[in-house]
Amino acid sequence: MLEQLLGGLLSTLSVGGLLAMLLGLAWGTIGGALPGVSGPQAMALLLPLTFGMDTGTSLMLLAGVWTGANYGGSIPAILIRTPGTASSAACIMDGNELVRQGLAGKALGVSLVCGCIGGFLSIVLLVALVIPLGTAALAFASPEIFAMTIFGLTVISTLSGPSVVKGIASGIFGLLLTTVGLDQISGLPRFTFGRTELLSGFSLVAVMIGFFAVSEMLYQMAHPAAERPAFDRKVNTALPNLRELAAVWRATMIGSIVGIIVGIAGAGGPVSSFVAYAEAKRWSKRPELFGKGSMEGVAAPETANNSDQGSALVPALALGVPSSASAAIILAALILHGIQPGPFLMQRHSELVFSFFGALFLTNVLMIPVGIVILRLCMELVVVRPALLASGVLALSFTGTYALNLSVTDSAVALVFGVIGYAMRSFGFSTAAAVLGMVLGFIMEGEFRRSMMMSYGSPDIFFTRPIAAGLLVLALLVVSRPMLARTWSGLASRRASRGTIADPETG
Amino acid sequence: MNRRPLVSPDLVVGLALIAVGVGVVSAISGLPAGTVSDPLGPRGFPTLLAFVVILLGLVLVALAVLSAIGLVPGAALKPDWQGDADSQGALSVGRLIGGIVASAAYVVLLQPAGYLISTAAYLAVLVALQGGVPRLPFIATVFGFPLSLFILFALVLGVPMPAGFVEGLIFREAP
C-alpha cells in the first residue's frame, strides 16, 4: 500500500497536475470566501471545465477546490462575521473577536494551519480505511450493494434537514430523476414524453449546477442581504509558531476526532464544526475565554471543518455511497469520465484513486502558501456586491452547462432545476439529498433489478443474505431514530414530572 | 399545544407529493411489465419509488391535519440551512420572477444572438434588476465578465461558443 501511495503522490508531481491543484486551491479558496458560494457549488461549477481533461488531472483539480473551500469560508467569518460557507460559522465567535483585539492575522494563520492538520489526519484515515473496506466490499454482490445504497440514502436523507420525511422524499426525488431516459436494461424510453433531448436522461452535472449554484443565486437575488461591513484590508496571515500551536493542540485533536466521526456518519458541515467547538470548550483549561477571543475557539471548528471532508470520502470511494455533497461531486466527476463508482472502484482503478489520495495530501500542504498569497484577493472579493456576485455565478453556471455538450438543453436543465431547487429549499426539502439520490440512483436500480433476477423475482434475497439484511435493518433504525428519540424523551419527561409531584400524605 | 392552520405548507407539500407519485405511476403504466429474465422490468423501480413518495405525502398530510387539530405539535418550517448562513432579507417576488424570466430568455437567445451579446445583455438585466450598483462596476461586469468567460472557455479550453446570427452580422469579415 505504501508503494501505491508513493506512486500516487509522484503522479501528482507533473506540471499539469501541480497547475491543476494550484488552480483548484485558488478557485476553492475564493469560492469558499465568497458568502453565498459553498464548496460544493465551487466544485460543481468547475465540473464542466474538467470534461476535456484526463480523469486524473480533473480529480487533482477538484481535490484543490475541496481543500481550498474549507479554508476560504473562514476568511470572511473571521474578518467580517459573515461565514463564507455554513461550516465556517462556528469560528465567527472567537475569530472576529480576535480581529477586534488586533490579532486578525494570527486568527487566519491558526485557521489555515489547523485546518491543514485536520485535513491531513483525515486523509491518513481515508487511506487506512478505504482499502480494507474496499477489499471487504469485494464480497458484495448485487443484493448487498443495493442494501448499501439504501443505507447511504437514508443516512443522508435523515441528516440533511429538520424533517426526516422531507429528507427521504428529497432523496427519492433524486432517484426518480435517474429513471428519465432509456432504461439501462430493456432500452425502452421512460418519462421522455417524446422528446429526443431526454433520451439520455438529465445531465448529472447540469442538475447539480442547477440545485447547488442556480438555486442558491436565485435565492440570494430574491432575498437581498445587507451590505457587508467594512474591515481593515491591511491584514496579512501570521502563521502560528510552535508554542502557539502547542497551546491549541488539544482543541486541534478534538476537532480532528469530531470531524472524522461526523464525516463518516455523513452529518458533516456545520454539525462537525459546532460540535467540535462545544467539545473543545468543555475540555479546555480556559473555557471562560471561549467567545472572547480564544485561539482554541478558532482551531477546533476549523480542524473539524477540514477533517470531516476526508472521512466523508471513505464510504464514497470504498463503496460508491457518498455521505456529503462534495463527495457526491467527486463521484459525479468519475461518472463524467466514464468510470463507475462502487465497490469495485479500488480494484479496477486503484492508480486513479491513489493519485487522488496523493493530490489530497499535497493540496493540504500547498494550501498554506496559497492561503497566504491569495488572502489579499479574497479580501477584495469578499466585499463584492451581492448583485454582481449572484449575476456572475448565474452567467458562469449557464456557460458551464452549455459547454458540457454544446447544447442549450443542459443550460435549460440547470435553470429548471435551479427553480425546483429554490422551491425545494423554500418548503424545507434538501437539494443535497436529491443530488445524492441521483448519484446513488445510477447504481441502485441496476443492482436492485439484478438482485431480483438472481432470486427469480423474490424479494427474500434481501433478507436471507446476512449483510444485505443487516444493512436494511440499520437503514430502518436510522430512519426511525428521530421518532424513537422523541418517544424516549417524551417518556422520560413524563416519568420525571410524575416523580416531582408531591406525595399528598407526606407533603 | 400550538395549532397550525389546516392549509399549511406541509399539507400543500404532502398533496403535491401524492400528485407526483400518482403522476409517475400513470406515466409509467404504458411500459411492459416484468419478464422471467427481468422480473421488475422497466416500470418496476419507478413504480416502487412512486408508491414510497405517495406514502410520504400521506404522512405529511396526516401530520398537517393532526397538527391543525392540535394532536401533534406543529413543526416550525425552519429555513434550509444549506445555503448561506448570512442573514437574508425578505422575499422580493419581483426579483425572483425577473431573475427566472431573464435566465430563461438568456438560454433561449444564447445561440441565435451569440455568446458575448446575450451574456452581456443577461448580466445587464440581472444587475439592473437588483439595483444599487454604481456605473463603473456595472460597466466592468457587463462587458468584462462575458469577455473573461469567453477567453476562458473558447480560447483556453477550446470550447466553441455560439457566434449566433447577430454576432455573425456584426463581426462578419470584410470580403
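Data for the structure
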read-out: Pick from region B:100-132, criterion farther than 18 Å from A:Met217 by Cβ and of a type outside the set (Gly, Ala, Ser), ranking: nearest to the other protein chains (Cβ to nearest Cβ); value: B:Gln111
read-out: Check on A:Thr154, outside any helix (DSSP H, G or I), buried (at least 17 other Cβ atoms within 10 Å of the Cβ) and touching a residue at least 60 places away in the same chain (Cβ under 8 Å); value: no
read-out: Set A:Gly470, A:Gly437, A:Gly446, A:Gly428: member being surrounded by fewer than 16 Cβ atoms within 10 Å (Cβ to Cβ) and small (Gly, Ala, Ser); value: A:Gly470
read-out: Checking A:Phe191 against (1) in contact with a strand residue (DSSP E or B) (Cβ under 8 Å, 6 or more places away or on another chain); (2) surrounded by 23 or more Cβ atoms within 10 Å (Cβ to Cβ), the condition it does not meet; value: (2)
read-out: Top-ranked residue of region A:370-387 - restricted to ones that are buried (at least 22 other Cβ atoms within 10 Å of the Cβ) and within 21 Å of B:Ala128 (Cβ to Cβ), ranked as nearest to the other protein chains (Cβ to nearest Cβ); value: A:Ala387
read-out: Residue check for A:Val205: within 10 Å of chain B (Cβ to nearest Cβ), out of contact with any strand residue (DSSP E or B) (no Cβ under 7 Å at 6 or more places or on another chain) and not in a strand (DSSP E or B); value: no
read-out: Test for A:Phe146: is it more than 10 Å from chain B (Cβ to nearest Cβ), of a type in the set (Phe, Trp, Tyr) and under 19 Å from the mean Cα position of the chain (by Cα); value: no
read-out: Subset of region A:169-183 [closer than 17 Å to B:Leu48 by Cα, touching a residue at least 12 places away in the same chain (Cβ under 8 Å) and not in a helix (DSSP H, G or I)]; value: A:Thr178, A:Thr179, A:Val180
read-out: Some residue of region A:203-218 being among the aliphatic types (A, V, I, L, M) and surrounded by fewer than 17 Cβ atoms within 10 Å (Cβ to Cβ); value: no
read-out: Sole residue being buried (at least 24 other Cβ atoms within 10 Å of the Cβ) and more than 12 Å from chain B (Cβ to nearest Cβ), chosen from A:Ile78, A:Ile30; value: A:Ile78
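Quick note: the coordinates plus some simple rules give every number you see, no bench work behind them. Owing to the predicted nature of the structure, the values given are computational and were not obtained by experimental measurement. Cβ: placed from backbone, ideal geometry, glycine included. Neighbour counts: every protein chain shown.
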